[in-house]
1. When residues of segment 20-34 are filtered for being at pLDDT 65 or above and among the hydroxyl-bearing types (S, T, Y), how many remain?
2. Counting just the residues of segment 35-44 that are part of a helix (DSSP H, G or I) and modelled with pLDDT of 90 or more, which one comes out most open to solvent (accessible area, probe 1.4 Å)?
3. Regarding T254, is this residue part of a loop (DSSP other than H, G, I, E, B) and open to solvent by less than 40 Å² (accessible area, probe 1.4 Å)?
4. Could you tell me whether V265 is hydrophobic (A, V, I, L, M, F, W, C), farther than 30 Å from H398 by Cα and modelled with pLDDT of 95 or more?
5. In segment 282-336, which strands (runs of 3 or more DSSP E) lie fully inside it and hold 1 or more residues that are at pLDDT 95 or above and surrounded by fewer than 19 Cβ atoms within 10 Å (Cβ to Cβ)?
6. Condition first: more than 14 Å from the chain's Cα centre (by Cα), under 18 Å from N208 (Cβ atoms) and acidic (D, E). Now tell me which residues in segment 267-291 satisfy that.
7. Being open to solvent by 10 Å² or more (accessible area, probe 1.4 Å) and β-branched (V, I, T) is the filter here, so list the residues in segment 174-217 that pass it.
8. Please name all residue pairs, on different chains or six or more residues apart, with Cβ atoms under 8 Å, provided the first residue is in segment 93-110 and is under 23 Å from Q235 (Cβ atoms) and open to solvent by less than 30 Å² (accessible area, probe 1.4 Å) and the second residue is in a loop (DSSP other than H, G, I, E, B) and β-branched (V, I, T).
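The values are calculated or read from the model by the stated rules, or taken from the named source; none is laboratory data. This structure is a prediction, so every number in the text was calculated from the model and none was measured. All Cβ positions, even for glycine, are placed from backbone atoms using ideal geometry, and neighbour counts span all protein chains on display. Heads up: the accessible areas ignore ligands, DNA and RNA and are worked out on the full protein's heavy atoms, side chains in. Shrake-Rupley method; radii C 1.70, N 1.55, O 1.52, S 1.80 Å.
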Amino acid sequence: MNVRDLYASIKGVQHLLETERDTQSYLSEPLRRRLWLWRRGFLTRSGVLYGLEESNYREYVTDSQRFVRTKRINGPWSIALSNKLAFHWLLHPFDDHRMSVYGMLHNGSFHAIDSLRPPRAIGDGGTSRSRSRSKPSVTSAIGPSGTRSVEMGRSGPSHNPDETDRNGPDWVVDRLEDERRLVLKWVQGGGGNNVLLCSRVDGGYRVNGDRLSEPAFRSRLADLEDYLVCEFVEQGWFPSELYPETPNTIRIVTMYDDAAGEPFVGAAIQRMGTTDSEPMDNFSQGGLTAEIEVETGELGPGAQLPYDGDLEWYATHPDTGTRIEGAQIPGWSRIRDRILEFAETYSYIPYIGWDVVVTGEDGEFTVLEGNSYPGLKSIQVHGPLLTDDRVRRFYERHGVC
């Protein structure tokens, strides 16, 4: 084991212990049950989610395997997924499916990343970037739900806010005057942590649902270091119908089959926000997760993490009443096949959890993030991964199980 893998293993064990500690407050499993689970590599929460017994526990990827061993699968390429800016650059060949990353807040300044200025001709026949700026183009469409979505053109606003080294809070405040909503994400980290959904509202701003005055908002921005400033991607009618108050993302886990020389989808789930999870859709924060049938795109029932008592299952969304079980993701086959094309392009990164949001009715989507060791509880709550022979062989080949 090299130094990098040793460090990842130590951090994985630390994360495993911290996660178990956090569940102590709401899961009152007997000590004897906890000890049984720990000896087999599972957290107490997994025992509740999976209904683990002596007869079935070997069919599941354990928590110790996920936290420690899956971190090693991608080797040095794991950094390309754990660093959100590196992943954004990695996806450059598939620009139509990338969200815009306008820049980064660093040392109090805004540093441009995706240029918004159109090129202009210069004397030697090359191109430069015009300092002038046109007003953004805006298109509006009404989906089947009757909701209106607004999309901003990539020409950007008229006030030229993307100059590197401009005051960071000023840039964000100015940009929100045009776009009304932005997403700020720490360049590292996952699980929905350190993601700020910022919006301009009458009389002030909202950050993850909290209303702030302009001075308080600017103060919040001034404290951010190495945060990416991203466009807010408008989801399509299907995810919006599930729960309109949060983005509702799909997690698709691709694995590369070295023997067959091709990637495959090991698992896929639809995530849905709830009143408990707002402003995000994360399962660990109270959101729902439904299994996606890989061939058809049909959803199973939604599951919600128990904070006491038993696991909850829903055929319809508990807050909106929208049907979950049996619903069909529009354009699923195109989404799945396109993601597999991405995974084929990055075959040297064999294990990727893709977070995408459906933006249209015919397979349109935007990739929000990539994950090097995706969480498995929101997936295996629907059934064990290792009953699929191809998935088991993948994990065995990479020393996970």
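1. Taking segment 20-34 first, the residues at pLDDT 65 or above are 28-34.
So of that shortlist, the ones also among the hydroxyl-bearing types (S, T, Y) come out as 28.
Of the residues in segment 20-34, 1 are at pLDDT 65 or above and among the hydroxyl-bearing types (S, T, Y).
2. Kept after step one, since they are part of a helix (DSSP H, G or I), are these residues of segment 35-44: 35-39, 44.
The next check asks that each one be modelled with pLDDT of 90 or more; those that pass are 35-39.
Values: L35: 62, W36: 52, L37: 1, W38: 105, R39: 179 Å².
That would be R39.
3. no
4. Values: hydrophobic (A, V, I, L, M, F, W, C): yes; farther than 30 Å from H398 by Cα: no; modelled with pLDDT of 95 or more: yes.
In short, no.
5. Numbers: elements: 288-292, 299-304, 312-314.
In segment 282-336, the matching strands (runs of 3 or more DSSP E) lie at 299-304, 312-314.
6. D276, E278
7. V183, V187, V195, V201
8. Here the result reads M99/V233; V101/I113; Y102/I113, each pair linking segment 93-110 to a residue that is in a loop (DSSP other than H, G, I, E, B) and β-branched (V, I, T).
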